[in-house]
Each structure stands twice: as C-alpha cells, then as structure tokens.
Amino acid sequence: MKNTKDIQNLKSQNSSKPYIKRFIERLKQNKKSQLKINFIDREVIYPLILLSLLISLLLHDYKRGFLAFLGSTILVFILLHFFYRDLKRYKPTYLKKKKSLLLLSSLLILNLVVAKVFEHLFYIFSKGMGIENPIIHYFGIPLAIGAVIVVMVFDFHTAIIFSLVLSLMIGIWIKISLFPLYVFITCLIAAFALFRVKKRSDIMNASFYIVLLTFISSLSILSITGAFNIESVYFLLVFSLTNGFFVSALCFSFLPALEKFFKIATPLSLIELLDIEHPLLKHLSVEAPGTYHHSMIVGSLAESAAEVVGVNPLLAKVASYYHDIGKVRMPEYFIENQTGCISRHEKLSPHLSSMIIISHVKDGVELAEEYNLPEIIKDIIQQHHGTSLVTYFYQKALKEQEIPPSEIDYRYPGPKPQTKLAALIMLADAVEASARTLDDPTPARISNLIDKIVKNIFNDGQLDECEITLKDLIEIKKRFEHVLTGIFHRRIPYPEIKREEKKVGSFS
Ligand SMILES: [Fe+2]
Ligand SMILES: [Fe+2]
C-alpha cells in the first residue's frame with residue numbers, strides 16, 4: 001500500500017513540473033561528452049576544419065566575398081564529416097591507421113588541384129579554338145583520378161563515398177546544376193571499370209570505357225540543359241578522349257609515388273609480388289620448399305574465399321605467399337621442410353623449440369622490411385598466428401616438466417588478426433597445415449577438420465579483434481572445403497577403383 005502511495009506522490013510531483021524543466025533535468029543527467037559525441041566526433045574536429053579550409057581555398061571563387069568562402073567551408077566540413085562517419089561505421093579498420101585518413105585527404109586535395117589545373121588549361125584551349133559553348137571544356141577535366149586510385153588502394157565502398165563527396169564539392173566550384181551528377185557518374189564508371197584490376201593493361205582498357213561512357217553521359221547532360229548542338233558533339237568527343245587519356249596517364253604517374261610515400265599496396269605492386277622470380281619467393285622455394293608449397297595452397301584457399309567475404313582476392317593471394325617468409329632463416333626446424341626421420345627438435349627443450357617456431361613471425365617482419373614489402377603484407381605476417389598456442393611443444397612441456405609451464409611462454413606474441421584479411425589468412429594457414437596430416441582425406445573428413453579448426457580458433461578468441469562475422473566463417477568453410485576436396489581429389493578412392501582394389505589387392 002505504502003509503495004503505491006509513493007508512486008502516486010512521485011507521479012503528481014513530476015506532472016506538476018513544467019515540461020521544459022523536466023527536459024532540462026533529463027539533459028543534465030546525461031553525460032555532457034555523450035551528447036557531444038552523438039552530434040560530432042571531437043577527435044577529428046580540428047583536422048576536419050583544417051581540411052575544409054584547404055579545400056574551400058581551392059574551390060572558392062575569389063570574385064565573391066568572405067561570406068561565400070565561409071559558406072563553402074561549412075558545406076565542405078559537413079561533407080567531410082559525413083565521409084568520416086561513413087568510414088567509422090562501415091570501414092573502421094581504416095581509422096585505426098592515421099595514414100589511411102591522410103591518404104584519402106591527400107587524394108581529395110590532389111584530385112581538386114588536378115581539376116583546377118586542367119580546367120584552366122582547357123579554358124584557354126577552348127577560347128583559342130573559338131568554342132562558343134562556355135561549359136563544354138569542363139567535360140575534359142580528368143575528375144575520376146581520385147576514385148580510380150581509391151578503388152585500387154582501398155575498396156569499392158570507399159570509392160563510391162569518395163566519388164559522392166567529391167562530386168558534391170565540385171558542385172560548390174562549378175555552378176552548373178547537373179555537373180555534380182556527371183562527376184559522380186564518371187567516378188562510378190571509373191571505379192567499376194577498375195574494381196578488380198589484375199594487370200597494367202586493365203587500366204588502359206578501363207580508359208576506353210571511361211571515354212565511351214563519359215561521352216554518352218556528357219551528351220545526356222548537354223541534352224537536358226538544352227546546350228546540345230552538332231559542334232558540341234565534336235568537341236565533346238575530343239574532351240572525352242582527353243579525359244580518358246589523362247585519367248590513366250595520371251594514374252600511372254601518381255601511383256608509384258603514392259606507393260612509396262604511403263607504403264601502400266596497389267594492384268600493380270601486388271602483381272609484381274606474385275611473380276615467382278621475386279627474390280624472397282625464389283629464396284623460399286630453394287631454402288624451404290615445403291613452406292613454399294604450403295604457402296601456395298594457403299594462397300589458393302584464401303583467394304577462393306576472399307571475394308565472398310569482401311576481401312580483395314589478389315591481396316589475399318599475395319599475403320598468403322609471404323605469410324611464412326620468416327621460415328627461410330631456419331627452414332629445417334619446420335615440419336613441412338623436414339626430409340629425414342630425425343627431427344631437429346629432438347635434442348632441444350620444448351621451450352627452446354617453441355621459441356624457434358615463434359621466431360618465424362619476427363624474422364618474417366624483418367625480411368618484409370628489408371625487401372620493402374607493403375605495410376599490409378607486413379601486418380599479415382605479424383598477425384597470422386595471433387596469440388595462439390604452440391600446442392605441440394606446450395603439451396610436450398606439460399608431459400616432461402614437473403612444474404607446469406606457463407602458457408604465455410608458448411604463445412605467439414600477436415597481435416590477433418585486426419582485419420578480415422588477416423583472419424582469413426590465419427584460418428587458411430591453420431586448415432592447410434592440418435589437412436596435410438589427414439591419412440584418408442574424404443570430403444566428410446575434410447569438412448569435419450575444417451569445422452574443428454575454425455571452432456578452435458574462434459573459441460581461443462583469435463577472431464575477437466577483427467570484424468569477421470559468423471556468416472563469413474560459414475562462407476569461408478564452404479570455400480575451403482571445395483578447394484581442399486579438389487586438391488585431395490586424386491587421393492580419394494573412387495567406388496569403381498575400390499572394387500578393382502579388392503580384386504587385385506593393391507591401389508596406387
Ligand atoms: Fe606461420
Ligand atoms: Fe603458414
């Protein structure tokens with residue numbers, strides 16, 4: 001009874017307070033920081049303001065006053081903040097490294113500087129040629145250069161958001177109502193054309209599509225705006241050709257410098273790393289043929305599963321080829337390279353053996369630095385075992401030693417996989433290493449083994465720090481099963497052969 005009275009008193013007290021007072025009280029109860037974080041990200045506010053000012057300086061029409069500059073700075077800030085929030089929501093791994101944000105910001109500025117320079121040149125050219133249409137020269141500007149580099153270095157999602165933000169920014173500069181739409185379409189065409197570039201000639205082929213589709217879309221824009229005439233068609237074709245040519249030419253010119261400066265991997269550098277004549281791979285194949293063969297199969301596994309989980313297959317393959325490169329320093333201590341019956345570990349203590357095994361990660365990172373491998377490959381080398389346990393030698397130590405050994409001494413130093421790609425390589429590596437030990441690799445046994453390994457890695461918490469989902473794991477398992485069944489195909493006895501075997505008494 002007393003409780004009901006209390007509730008009634010409280011209700012009457014609350015209802016007597018004016019609504020605004022109650023609202024203010026509720027606001028006070030919330031932490032100030034929480035409110036601010038929901039509205040704006042404080043950690044990036046100053047870099048974003050600085051970048052907005054820089055971009056506004058590029059976009060600003062200097063005939064207009066300070067108010068116009070302030071207006072464009074605010075709009076640019078909103079667009080940049082939207083870009084940042086999108087990355088935070090959908091691509092959080094890029095935010096872990098400031099380098100990625102710096103590269104994206106640099107690409108935005110580079111794209112706008114290139115656009116400004118070419119606009120000026122084409123303006124002089126069109127004046128010289130006596131072109132009457134005042135907007136036609138804009139269609140020659142190679143605006144897709146940023147989107148092309150973003151799709152090659154980052155991914156398609158980031159390229160789309162980059163294109164959207166860039167095209168809206170261009171709208172602040174070139175005040176033709178449909179021009180941002182044209183820019184967005186051009187960038188999308190370029191991003192689509194170069195989404196899965198595998199060789200240098202792919203960029204040239206993509207330029208052809210950029211020319212063709214840029215020409216069609218610019219014609220459409222002119223038709224909609226009513227600026228269409230026969231003379232325009234001729235000049236549009238010239239400007240579209242120039243546009244396509246400069247997109248690929250600038251891409252070839254900027255990529256090597258960006259690769260060096262930001263230590264990033266582009267499809268062009270990845271293709272070079274796949275070459276078996278690369279000194280590190282050559283060294284691995286001679287010094288540690290078992291590891292080399294293992295790395296090739298890990299490459300097939302990772303590549304097959306990459307696309308379905310949103311990882312670049314080319315990058316997955318290259319990362320697999322180099323993940324165990326550290327084993328070249330002491331190849332004979334790793335089981336896949338042991339040829340004789342006597343193991344090198346026989347005379348060593350379990351702790352020393354585990355230290356040798358674990359050291360291949362550190363050695364790999366050192367070699368990656370020495371041979372200037374991209375940062376992303378170095379990360380994979382470092383993370384491909386996470387903080388997992390060297391089980392064999394830990395169990396051996398448990399059996400041999402009176403005092404139970406510390407588990408930490410037998411674990412890899414980590415870090416755990418930070419990206420989906422690192423997790424994929426970890427799974428492919430573990431699955432390949434275990435599949436080799438299968439005596440009778442039937443599809444059912446392969447499937448059970450993959451299931452067991454994925455579960456063990458998951459339960460050990462190795463996948464806790466990356467954004468891999470359970471759905472991804474199911475897809476990865478399916479792909480691994482498919483590839484491994486294919487690899488072990490010859491070793492799986494067919495029913496007919498089995499019958500033969502019974503008759504003859506042998507099978508080979
Ligand atoms: Fe390894
Ligand atoms: Fe490995």
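None of the figures in this text is laboratory data; all of them are computed from the coordinates on show. Just so it is clear, the structure is predicted and the values come from calculations on it, not from any experiment. Cβ: placed from backbone, ideal geometry, glycine included. Neighbour counts: every protein chain shown.
The ranking of Leu143, Leu421, Leu270 from fewest to most other beta carbons within 10 Å of each one's beta carbon is Leu270, Leu421, Leu143.
In Å³ and rounded to a whole number, note down the convex hull volume per residue for the Cα atoms of segment 389-490.
Given the Cα convex hull of segment 389-490, per-residue volume reads 104 Å³.
Using the Kirkwood radius over C-alpha pairs as Rh, can you work out the diffusion coefficient of segment 98-261 via Stokes-Einstein at 37 °C, viscosity 0.692 mPa s, in µm² per second? List each step's numbers first, then the result.
Values: Rh = 15.8 Å.
Value of D from the Cα-based Kirkwood radius: 207 µm²/s.
How large is the convex hull of the Cα atoms of the chain per residue, expressed in Å³ as a whole number?
Numbers: hull volume 144.9 nm³, N = 508.
Dividing the Cα hull volume of the chain by its residues yields 285 Å³.
When the convex hull of the Cα atoms of segment 269-502 is projected onto a plane and the area is averaged over all directions, what value comes out in nm²? Write down the numbers at each step before the final one.
Details: hull surface 57.7 nm².
Computing the convex hull of the Cα atoms and averaging its projections yields 14.4 nm².
Given a cut-off of 21 Å, what percent of all Cα-Cα pairs of segment 126-213 lie beyond it? It would help to have the intermediate numbers written out before the result.
On the way: 1318 of 3828 pairs.
Considering segment 126-213, 34 percent of its Cα-Cα pairs are separated by more than 21 Å.
Along the axis of the charge dipole computed for the chain (Cβ charges of +1 for Lys and Arg, -1 for Asp and Glu, origin at the Cα centre), the listed residues Val117, Phe184, Val233 are led at the positive end by Phe184.
Thinking of segment 236-340 as a set of Cα atoms, what percent of all their pairs are more than 15 Å apart? Mind dumping the intermediate values first?
Numbers: 3831 of 5460 pairs.
For segment 236-340, the fraction of Cα-Cα distances above 15 Å is 70 percent.
Where the centre of each part is set by its Cα atoms, how far does segment 425-453 sit from segment 294-347, in angstrom? Rounded to whole Å, the Cα centres lie 14 Å apart.
Subtracting the Cα-Cα distance of Glu272 and Asn448 from their residue separation scaled by 0.36 nm leaves 59.7 nm. Ordered by the count of other Cβ atoms within 10 Å of each Cβ, fewest first, Leu424, Leu112 give Leu112, Leu424. What the phi angles of segment 45-51 give under the Karplus curve with 6.51, -1.76 and 1.60, with θ = phi - 60°, is a coupling list of 4, 6, x, 5, 4, 4, 5 Hz, glycine and proline written as x.
Taking max minus min of the alpha-carbon positions on each principal axis, segment 408-464 gives extents of 35, 26, 16 Å, largest first.
Out of every Cα pair in segment 217-294, what percent are spaced more than 16 Å from each other?
Numbers: 2102 of 3003 pairs.
Taking all Cα-Cα pairs of segment 217-294, the fraction more than 16 Å apart is 70 percent.
Under the convention that each Lys and Arg Cβ holds +1 and each Asp and Glu Cβ holds -1, the size of the dipole of segment 269-502 around its Cα centre is about 720 debye. For segment 271-282, 3J(HN,Hα) computed residue by residue from phi via the Karplus equation (6.51, -1.76, 1.60; θ = phi - 60°) reads 4, 5, 6, 6, 4, 5, 7, 4, x, 5, 5, 4 Hz, glycine and proline entered as x.
Which order results if Phe254, Phe179 are arranged by neighbouring Cβ count within 10 Å, fewest first?
Values: Phe254 17, Phe179 21.
Lowest count first: Phe254, Phe179.
The 3J(HN,Hα) values that the Karplus relation (6.51, -1.76, 1.60; θ = phi - 60°) gives for segment 462-470 are, in residue order, 6, 9, 5, 9, 10, 8, 6, 10, 5 Hz. Gly and Pro appear as x.
Rounded to the nearest 20, the Cβ-based charge dipole of the chain about its Cα centre (Lys and Arg +1, Asp and Glu -1) stands at 2300 debye. Relative to the Cα centre, the charge distribution of segment 98-261, modelled as +1 at Lys and Arg Cβ and -1 at Asp and Glu Cβ, gives a dipole magnitude of about 500 debye.
For the chain, what's the relative contact order in percent, using C-alpha pairs closer than 8 Å and at least 6 residues apart? Don't jump to the answer; show the numbers that get you there.
Working: 555 pairs, mean separation 48.3, N = 508.
It comes to 10 percent, rounded to a whole number.
Divided by 2.2 N^0.38 Å, where N counts the residues, the Cα radius of gyration of segment 72-181 comes to 1.18. How big is the gap, in Å, between the Cα center of segment 367-392 and the Cα center of segment 76-122? Each part's Cα centre sits 29 Å from the other's.
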